[in-house]
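Peer 1: This structure is in structure tokens; I'll ask about it shortly.
The values are calculated or read from the model by the stated rules, or taken from the named source; none is laboratory data. Because the structure is a prediction, the values reported are computed rather than measured. Cβ atoms come from the backbone with ideal geometry, glycine included; neighbour counts cover every protein chain shown.
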Amino acid sequence: MTSTGRPSTARQSAATRFPRAIPLALAIVLLAFGLRLWGLTATSLWYDETFMLHHAQQGIVGAVRGLLAEDNALPLYGLLLTLWTRVAGFSEFAARALSVFLGTLGVPLVLQLGRAVTKRRTAGLGAALVYATLPIFVYYSQEVRMYALAMPLAAAFLWAGWRLVAGRRVGAAYVALGLLMLAAHPYTALTWLVSLVWGTLTVGLNRNRRRRRGWWKANLVLVALATPIGLWALWRVRVDATAVSAIPVAALRWLPTLYGVGQYLEQPWSGLFVAIAALSLIVTMIRAAQETLDGDGQQQGRWHELAWFLISLTLPIVALFGLTLIKAKWSERYLLPSWGLALAIAVGTAWEHLAGVQPGATRPRAWLARAAALPLILGWLALATVATGRQAEGSWALAIRDEWHPRPDFRGVARAIEAHDSPGDTIVVVGGYATSALDFYYQGEADHFGLPTGSQILDTSRALSMGDLRTLEEKVPPDSRRLWLVLWQDALADPTGVIQSVLVEQCRRLPVSQGFTNVGLLLFDISGCRPLDRLAEPDVALRVTFQAPIALQGYRILPTGETWEVDLWWEALGELEADYGVFVHLVAPSDAASDGAMVSQHDHIAGADAYPTSAWREGAVIRDRFFLTVPGGRCRGCRLQAGLYTPEGRLLRTDGADVTVIPVPTELQ
């Protein structure tokens, strides 16, 4: 206060500017809401989304129980979805609308977090604008999954952490938000890690014992209450057998693409967007460093801001890389509640630094800063809007590592089957866990089921084998005349192509008039090729056992001109620790002219690259296919030799031999 009792000029300015920020904040909220509604139903619901809806249909108790057992996140979002769908219904729009509202709720929370980080009452608008418009935030605010809930909870938790470090009595809120955040998604633990490291550093250098005591008390209580969540997460790590990816050595190269517009726009536009973000980050860091070095007046202690940015933009990535050593599974969305929020705050803070008038700045310097801010903001908004528009078209999607993964078009598949199905049709979904996606859309009368059966989640330890042909034959009604085969992630569910290859070999394939995004649809006439499990057994039976728990059951030889197809049937008698290769050699007879020379050979990993022997479950029977080029199509006196090997050498049979001789049929000699 001045000596006359009036507010100082600086406070008058802040009080004047703050009400003006309210309309801007409301405009950003409306912008975020509109972008998230844009193209909301352009793509069909896919497996992850219909998985949530399947459990939501089981009621509150059933949903919680099912999600606890099968999902990789605690069922907080599933509980909200169950309650929401009881009121809003189960349509595409209604289901995704919950995520739209939750994602939009993140805007004011990110605004408050930006204000806490920069300690300016009028701050946070830039961060809120980045959060509202960045395509990856829009994308995951349209999906029926928990990310739309995790992001606003993480922003609220970080905001409470700043207030707690500042000495505010928000310990209970900090603990409650932390528990809710972790119950939304286990990878929000990265957000907690950021808050814990930064807060500990901050209070550790602060002489205020009350602040240190309040900080540690809140975090210790959170540790105690979150222990059951941690134990559940460890259990999920052990039992989770979903698809895994290699450790993302190229993740740093992909982050600018995934958190930019590179998945929607080509160069130079995608590079320009990254440049805008990079320049904004540089401005924020320089300004935070300057304020830290100044350390006087209102800016005293501003090193907290610099430390928070440095920790938030590095620690989550390092920690996520470390977690991949425990479970080789990585996705860019795991960084949304931690690194992604820090990116939004940092970029938006730069715009505020440039657009705002800094204390003591001359008028030319202020105008120069604003002139620099304008192209950054307008360039960002223009590119982000175009990218979001392409995303809203429905044929675009986020990139994951080196592959493009549009949402699979189960809606189109279901409509195509409905338009062309007839009495006596059967639908088989491979992998079977995606049956819920087809169930959501298909309204026809054809019998349908999934393979493998009995699981709502992808389990790579239960990949299909030859024995599942018997299940196929049992579940297809005897009077069924046509079979629709729906394929999604079949390389994981059926890595050796058991179902598709057997149908192609045995049955007449009928035309399907259209293709679908990221889903395969085939149609077969099965009236003349029953039973469908006739190829479950080899033509010639053997029982060759090895010193590892694996046996060669038998073989089949199919000649086609100068190419011989040699199929071997392997059975896993127990758990296999090594990944074995298989060799099949066609060897000439030993005589004066030839000492058993190699005529042809084919070696490869047993099973398939995506399904090596170490992944085979006990009892699995795998048909392994080899192709040999034989000049003239015949080889008099030749013999086939087959066996297993590793880089250390051949695997011995139980009788000590390292090779199995397969006689060549007389008609091929």
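Peer 1: When the range 519-529 is examined, which residues are found to be assigned to a loop (DSSP other than H, G, I, E, B) and either without any contact (Cβ under 8 Å) to a residue 24 or more places away in the chain or surrounded by fewer than 17 Cβ atoms within 10 Å (Cβ to Cβ) (or both)?
Peer 2: If the condition is that a residue be assigned to a loop (DSSP other than H, G, I, E, B) and either without any contact (Cβ under 8 Å) to a residue 24 or more places away in the chain or surrounded by fewer than 17 Cβ atoms within 10 Å (Cβ to Cβ) (or both), then 527, 528, 529 are the ones that fit.
Peer 1: Further question: Across the range 424-471, which residue is farthest from the chain's Cα centre (by Cα) among those that are of a type in the set (Phe, Trp, Tyr) and part of a helix (DSSP H, G or I)?
Peer 2: The qualifying residue farthest from the chain's Cα centre (by Cα) is 441.
Peer 1: Name the one entry in 236, 211 that is farther than 26 Å from residue 113 by Cβ, of a type in the set (D, E, K, R) and at pLDDT below 90.
Peer 2: 236
Results for (1) under 20 Å from the mean Cα position of the chain (by Cα); (2) at pLDDT below 95; (3) crowded, with 16+ Cβ neighbours inside 10 Å, shown as yes or no for each residue.
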position	(1), (2), (3)
27	no, no, no
73	yes, yes, yes
77	yes, no, yes
80	no, no, yes
101	no, no, no
109	no, no, yes
119	no, yes, yes
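Peer 1: Do we find that residue 474 is closer than 19 Å to residue 530 by Cα, over 24 Å from the mean Cα position of the chain (by Cα) and of a type outside the set (Lys, Arg) in this structure?
Peer 2: yes
Peer 1: Would you mind stating whether residue 179 is within 23 Å of residue 52 (Cβ to Cβ) and without any contact (Cβ under 8 Å) to a residue 60 or more places away in the chain?
Peer 2: Considered against the rule, which asks whether it is within 23 Å of residue 52 (Cβ to Cβ) and without any contact (Cβ under 8 Å) to a residue 60 or more places away in the chain, residue 179 comes out as yes.
Peer 1: Which numbered condition trips up residue 113, out of (1) under 17 Å from residue 336 (Cβ atoms); (2) surrounded by fewer than 24 Cβ atoms within 10 Å (Cβ to Cβ)?
Peer 2: Just one mismatch for residue 113, condition (2).
Peer 1: A further question on this structure: Among the residues of the range 222-236, count how many are among the aliphatic types (A, V, I, L, M) and closer than 14 Å to residue 74 by Cβ.
Peer 2: Of the residues in the range 222-236, 6 are among the aliphatic types (A, V, I, L, M) and closer than 14 Å to residue 74 by Cβ.
Peer 1: Do we have any residue at all in the range 617-629 that's hydroxyl-bearing (Ser, Thr, Tyr), part of a strand (DSSP E or B) and free of Cβ contacts under 8 Å to residues at least 60 places away in the same chain?
Peer 2: no
Peer 1: Tally up the residues in the range 480-506 that are farther than 17 Å from residue 466 by Cα, more than 26 Å from the chain's Cα centre (by Cα) and crowded, with 17+ Cβ neighbours inside 10 Å, please.
Peer 2: Residues in the range 480-506 being farther than 17 Å from residue 466 by Cα, more than 26 Å from the chain's Cα centre (by Cα) and crowded, with 17+ Cβ neighbours inside 10 Å: 4 in total.
Peer 1: Keeping to the range 20-54, report how many residues are farther than 12 Å from residue 143 by Cα and either out of contact with any helix residue (DSSP H, G or I) (no Cβ under 7 Å at 6 or more places or on another chain) or without any contact (Cβ under 8 Å) to a residue 24 or more places away in the chain (or both).
Peer 2: Matching residues across the range 20-54 total 7.
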